[in-house]
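Below you'll find the structure, written out as structure tokens, and then a few comments.
The values are calculated or read from the model by the stated rules, or taken from the named source; none is laboratory data. Please read these numbers as outputs of a predicted model, since none were measured by experiment. A quick note on method: Cβ atoms are made from the backbone with ideal geometry, for glycine too, and the neighbour counts reach across all protein chains shown.
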Amino acid sequence: MSDPRYQVDVDVVTRFLKEHSDPENDRFAFAYTITVHNNGSVAAKLMSRHWLITNGDGQVEEVKGAGVIGQQPLIEPGQ
């Protein structure tokens, strides 16, 4: 979208969870943190999420849902 009023950035940080992994049995656990920044000049509402997660074997898991953790937060400009 090219309208400067609507500028939303999504950042993702992943981390390996060594304490929950078992490399000898090909079990690797990761956690991720997703942050949404509203850099536009109008509020934005997170209505739904849709992730495609690909594991080391190339298998894709699709995650869809309304909002996040059961909520649909309003993200004000600058948040």
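Some points to look at:
- Top-ranked residue of segment 1-43 - restricted to ones that are basic (Lys, Arg) and outside any loop (DSSP other than H, G, I, E, B), ranked as nearest to the chain's Cα centre (by Cα): 15
- Residue tally, condition small (Gly, Ala, Ser), farther than 25 Å from residue 72 by Cα and touching a residue at least 12 places away in the same chain (Cβ under 8 Å), over segment 1-38: 1
- Hey, residue 44 surrounded by 12 or more Cβ atoms within 10 Å (Cβ to Cβ) and within 20 Å of residue 56 (Cα to Cα) or not: no
- The residue list 65, 70 contains one member that is surrounded by 10 or more Cβ atoms within 10 Å (Cβ to Cβ) and at pLDDT below 95, which is 65.
- Residues in segment 55-79 that are on the phi < 0 side of the Ramachandran plot and part of a loop (DSSP other than H, G, I, E, B): 55, 56, 57, 59, 72, 73, 76, 77, 79.
- Single residue of segment 22-37 satisfying the filter (touching a strand residue (DSSP E or B) at 6+ places or on another chain (Cβ under 6 Å) and not β-branched (Val, Ile, Thr)) that is farthest from residue 63 (Cα to Cα): 37
- Test: residue in segment 17-31 that is surrounded by 11 or more Cβ atoms within 10 Å (Cβ to Cβ), polar (S, T, N, Q) and closer than 30 Å to residue 4 by Cα: no
- Residue in segment 39-56 that is hydroxyl-bearing (Ser, Thr, Tyr) and either free of Cβ contacts under 8 Å to residues at least 12 places away in the same chain or in contact with a Pro (Cβ under 7 Å, 6 or more places away or on another chain) (or both) present: yes
- Within segment 44-54, tally of residues that are basic (Lys, Arg) and in a loop (DSSP other than H, G, I, E, B): 0
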